[in-house]
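To start, the structure under review is shown below, and the notes come after it.
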Amino acid sequence: MTDPVLRAENLRKSFGGLVAVDDVSFAVEESTIVGLIGPNGAGKSTTFNLLSGFHELDDGEVIFEGERVGGLSPHERAQRGMVRTFQITRELTGMRVMANMLLAAQDHPGEKVLSALVNTDSVDSREERARERAEDLLKFLELWELRDEYAGNLSGGQRKLLELGRALMADPDVLLLDEPVAGVNPDLTDRLLARIDDLQSERGMTFVIVEHDMDVIMSISDKVVGMHNGEVLSVGTPEEVKRDDRMLEAYLGGAV
Ligand SMILES: Nc1ncnc2c1ncn2[C@@H]1O[C@H](COP(=O)(O)OP(=O)(O)O)[C@@H](O)[C@H]1O
Ligand SMILES: [Mg+2]
């Protein structure tokens, strides 16, 4: 394993009197898939929002590629290569799949290092490149046949694939996913996880995947961080964390 590309250092976040995330630290090594698991209310989504910048830290720091990013906006973090997925909004459901992808490119015009070069290009050639990228990604995700379909007509699983595709338009180094297969049928769940696995093994991408159901990400995670009551209870291989008595208790005791 190489150096961590992302580090959570003593993250802390309260809502009123409730401590949702309490001194959470873990490292995410480059080109690995880290699963953040725990029963409902464990603090996974809050941790996710602290990593991506959607919540302000009460304390602690987020280190991305060796630099403190805890004070940066979600957009600034995305420009550096740390991107999260978004649900397809109501507005986007009324647009076709291809348009959804192209709009995501507009939201992320800076493909990091490339942006300096790209900015000297004409608008036409930038749009052409975005189209090519969208086509490649839609084929990769097996959504190409649906490119002219309205996003609102997609199944729940197909929408999740489109959400992944939109995030990939930004060419991220690290992709943060919150419950990417929740409500998705088994076939599409397998396809989604297989594509994530491909992106890691073939393109060296890094993933942090928040998941409530331990079994879902057991097979693809290199490392699992188990949370309960806002704290990290257990860190290790999927097997180690699954067998950890403290995690078993957390799941039994938690309001699953
Ligand atoms: N915006 C918020 N305002 C108040 N309480 C919140 C907010 N977000 C989360 N919480 C509380 O923080 C705790 C952790 O929630 P969350 O991070 O969503 O857990 P998980 O994703 O593991 O289910 C829960 O008790 C939840 O009710
Ligand atoms: Mg959650």
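Quick notes on this one:
- Residues of segment 41-72 classified as of a type in the set (Phe, Trp, Tyr) and within 16 Å of ligand 1 (Cβ to nearest atom), total: 2
- Note on segment 55-89: residues that are within 26 Å of Gly156 (Cα to Cα), in contact (Cβ under 8 Å) with a residue 24 or more places away in the chain and surrounded by fewer than 16 Cβ atoms within 10 Å (Cβ to Cβ) total 2.
- Complete set of residues in segment 8-21 that are more than 15 Å from ligand 2 (Cβ to nearest atom), surrounded by fewer than 18 Cβ atoms within 10 Å (Cβ to Cβ) and in a strand (DSSP E or B): Glu9, Asn10, Arg12, Ser14, Val19
- Strands (runs of 3 or more DSSP E) completely within segment 22-100 that count 2 or more residues being over 18 Å from the mean Cα position of the chain (by Cα): 59-64
- When each of Leu199, Leu176 is tested for being in contact with a strand residue (DSSP E or B) (Cβ under 8 Å, 6 or more places away or on another chain) and within 16 Å of ligand 1 (Cβ to nearest atom), the lone residue that passes is Leu176.
- Residue that is touching a strand residue (DSSP E or B) at 6+ places or on another chain (Cβ under 7 Å) and within 14 Å of ligand 2 (Cβ to nearest atom), where the choices are Gly35, Gly60: Gly35
- Matching option when the condition is modelled with pLDDT under 90, closer than 25 Å to Glu76 by Cβ and not in a loop (DSSP other than H, G, I, E, B), among Leu175, Leu117, Leu164, Leu137: Leu117
- Checked against the criterion of being surrounded by 15 or more Cβ atoms within 10 Å (Cβ to Cβ) and touching a strand residue (DSSP E or B) at 6+ places or on another chain (Cβ under 6 Å), the candidates Ala151, Ala167 yield just one match: Ala167.
- Within segment 132-161, residues that are free of Cβ contacts under 8 Å to residues at least 12 places away in the same chain sit with their Cβ atoms under 8 Å from residues that are assigned to a helix (DSSP H, G or I) and surrounded by 20 or more Cβ atoms within 10 Å (Cβ to Cβ), at 6+ positions apart or across chains, in these pairs: Trp144/Leu138.
- Index of the failed condition, Asp148 passing every other in (1) over 25 Å from Pro74 (Cα atoms); (2) away from ligand 2 (no atom under 16 Å from the Cβ); (3) modelled with pLDDT under 95: (3)
The values are calculated or read from the model by the stated rules, or taken from the named source; none is laboratory data. Predicted, not measured: the structure shown is a model, and the values here were computed from it. Here Cβ is always computed from backbone atoms with ideal geometry, including for glycine, and neighbour counts include all displayed protein chains.
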